[in-house]
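Since the structure comes first, as C-alpha cells, the remarks are kept for the end.
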Amino acid sequence: MNQLAMRHAAASALVLCAIGLPSRGAAQTPSAPPAAPSPSIAKDSRTFELRTYYATPGKLEELHARFRNHTIRLFKKHGMTIVGFWAPTAPADAAANTLVYVLAYPSDQAREAAWKGFNTDPEWIAARDASERNGKIVARVESVMMKATDYSDLK
C-alpha cells in the first residue's frame, strides 16, 4: 500500500470511528499517534460538527423532508444550534444524494448530551421510523468535529 493510500485509509478509519462505525480493513491501518491540537484554535470556540449525509439512491428528497418537517425542530429542542444546511450542486454524484450541515454546541460535553437526548427522544424515533417505512433513507453519515480558529469571526 503506498503512502497516499495509507493516509486515505487512516483518515477513513478515523471518520468511521468518529461516527461509531467499524472501519473496513482496520487491522491493516497502522496506528498513528494522535495529532496535537493546533495552537491556532480559539480558546473560546464552541464545538462545531460538520455532518455529511449520503442518501440511499432515490431517497434524497425524503431525507430533506425529514429534516424540514421533524429533525430541525428536534435539534433545537435538544439545544443544538443550527449553523446551516447545504445541498451540493457539483459534482453530479454529490448533488444527487448528499446533504451537508453544521451544528454548534457550547462544548464537547454539551454535544454528547444533546445527541443522547435526541437519539432517545420518542418524537425522533417515531419520525425516523415513519420516514423509513419504505426502506432506509440514509446510506451513511460522516461527522467531523471542529473548533474555530483564533482568526475566525464565527466562534
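The values are calculated or read from the model by the stated rules, or taken from the named source; none is laboratory data. Remember, it's a predicted structure, so these values are computed and weren't measured experimentally. Neighbour counts are summed over all protein chains in view; Cβ atoms, including those assigned to glycine, are modelled from backbone coordinates with ideal geometry.
When region 95-107 is filtered for residues that are within 15 Å of R46 (Cβ to Cβ), surrounded by 12 or more Cβ atoms within 10 Å (Cβ to Cβ) and not aliphatic (A, V, I, L, M), the ones remaining, listed by number, are Y105, P106. Taking the conditions exactly as written (over 14 Å from the mean Cα position of the chain (by Cα), hydroxyl-bearing (S, T, Y) and farther than 25 Å from G58 by Cβ), does T120 satisfy them or not? It is true that T120 is over 14 Å from the mean Cα position of the chain (by Cα), hydroxyl-bearing (S, T, Y) and farther than 25 Å from G58 by Cβ. What pairs come out if I take residues in region 64-87 that are over 17 Å from L50 (Cα atoms) and touching a residue at least 12 places away in the same chain (Cβ under 8 Å) and pair them with residues that are assigned to a helix (DSSP H, G or I) and among the small types (G, A, S) whose C-beta lies under 6 Å away, six or more apart or interchain? Qualifying pairs under 6 Å: R66/S131; H70/A127; H78/A114; H78/G117.
When P37 is tested against (1) assigned to a loop (DSSP other than H, G, I, E, B); (2) within 21 Å of A139 (Cα to Cα); (3) more than 16 Å from the chain's Cα centre (by Cα), exactly one condition is not met: (2).
All told, K136 falls short of being free of Cβ contacts under 8 Å to residues at least 12 places away in the same chain and either in the same structural domain as F67 (by TED's automatic domain parsing) or in a helix (DSSP H, G or I) (or both).
What about A114, is it among the hydrophobic types (A, V, I, L, M, F, W, C), more than 21 Å from E61 (Cβ to Cβ) and modelled with pLDDT of 95 or more?
Considered against the rule, which asks whether it is among the hydrophobic types (A, V, I, L, M, F, W, C), more than 21 Å from E61 (Cβ to Cβ) and modelled with pLDDT of 95 or more, A114 comes out as yes.
State all residues of region 35-88 that are charged (D, E, K, R) and modelled with pLDDT under 95; if no residue qualifies, say none. Within region 35-88, K43, D44 qualify.
Exactly one residue out of E123, E142 is part of a helix (DSSP H, G or I) and in the same structural domain as F48 (by TED's automatic domain parsing), and it is E123.
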